[in-house]
Amino acid sequence: MTEPTAKDLRRKEALNRRSALTPTQRAKFSLQIAERVLPFADKMGGGPVGGFWPIRSEIDPRPALLELDALGLRSALPVVTPSGLIFRAWKIGDAMAEGPFGLREPEATAPEVSPLALLVPLAAFDRRGHRIGYGAGYYDRAIARLSAIGPLLTIGIAFSVQEIDRVPDEPHDRSLDVIVTEKETILLPGA
């Protein structure tokens with residue numbers, strides 16, 4: 001068995017704090033975060049906006065996606081494939097399929113799209129815009145791929161209890177443009 005890395009330990013600590021929030025707190029904070037995301041609608045290039053389906057005690061991005069949809073910005077959700085994440089068009093009420101890791105994904109019949117903005121899930125984050133995900137690097141690779149196509153706005157969304165002093169980042173890690181919590185919006189250089 002291998003020793004846990006600094007990143008593994010920081011992830012576990014932040015996820016434990018996140019899981020300690022009550023379902024009522026998580027729902028309330030998800031709504032507050034949705035309100036903080038809305039001012040970035042004009043920077044989302046008309047969409048689509050990539051979101052994600054919440055798992056475990058994760059923030060629920062669906063309120064933000066609903067608000068953005070009301071402004072005319074289409075949504076997309078990730079689908080895990082052997083070559084990485086792809087995004088498929090999605091809206092509330094669409095049929096969903098079971099994916100790996102307990103994820104819900106758009107069905108294979110939903111068109112593949114390239115989001116111009118991403119709401120990125122975070123296990124932990126720091127004020128430099130670095131994040132810790134769940135360890136597989138799916139979002140780092142997706143951000144790199146989508147950024148190569150054209151401008152991409154990345155907004156990390158998380159509860160404030162997930163903040164850590166410094167993410168032990170690596171060369172392949174991609175920093176975010178903005179981080180939004182229920183308490184504040186952290187604008188990073190270039191956002």
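The values are calculated or read from the model by the stated rules, or taken from the named source; none is laboratory data. Predicted model only: the values in this text are computed from it and were never measured. Cβ coordinates were reconstructed from backbone atoms using ideal geometry, including for glycine residues, and neighbour counts include every protein chain displayed. Areas reflect the complete protein model, heavy atoms only, side chains present, ligands, DNA and RNA absent. Shrake-Rupley method; radii C 1.70, N 1.55, O 1.52, S 1.80 Å.
Results, tabulated for the structure shown:
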{"quantity": "Accessible surface of I55 - all protein chains present, 1.4 Å probe, nearest 10 Å²", "calculated": "20"}
{"quantity": "Translational D in µm²/s for region 90-135 (Stokes-Einstein at 4 °C, 1.567 mPa s, Kirkwood Rh from C-alpha pairs)", "calculated": "98"}
{"quantity": "Computed lengthening from D94 to T109, 0.36 nm per intervening residue step minus Cα-Cα distance", "calculated": "4.3 nm"}
{"quantity": "Reciprocal of mean inverse Cα separation for region 1-96 (Kirkwood radius, Å)", "calculated": "15.3"}
{"quantity": "With eigenvalues of the C-alpha gyration tensor scaled by 5 and rooted, the chain, Å", "calculated": "23, 19, 18"}
{"quantity": "Under 23 Å, Cα to Cα: Lys pairs in the chain, sequence gap 8 or more or different chains", "calculated": "5"}
{"quantity": "Computed over the chain: relative contact order in percent, which uses C-alpha pairs under 8 Å that are six or more apart", "calculated": "23"}
{"quantity": "From phi via Karplus (6.51, -1.76, 1.60), per-residue ³J(HN,Hα) for region 57-64 in Hz, x at Gly/Pro", "calculated": "9, 5, 4, 9, x, 4, x, 5"}
{"quantity": "Relative contact order for region 63-122, counting Cα pairs under 8 Å that sit 6 or more residues apart, in percent", "calculated": "27"}
{"quantity": "Zero-based 10 Å bins, Cα pair distances in region 105-189, whole percents", "calculated": "17, 49, 27, 7, 0"}
{"quantity": "Cα-projected label distance for E67 with K183, points at 7 Å along beta-carbon direction, nm", "calculated": "1.9"}
{"quantity": "Percent carbon-and-sulfur accessible area, the chain, ignoring ligands, DNA and RNA, probe 1.4 Å", "calculated": "56"}
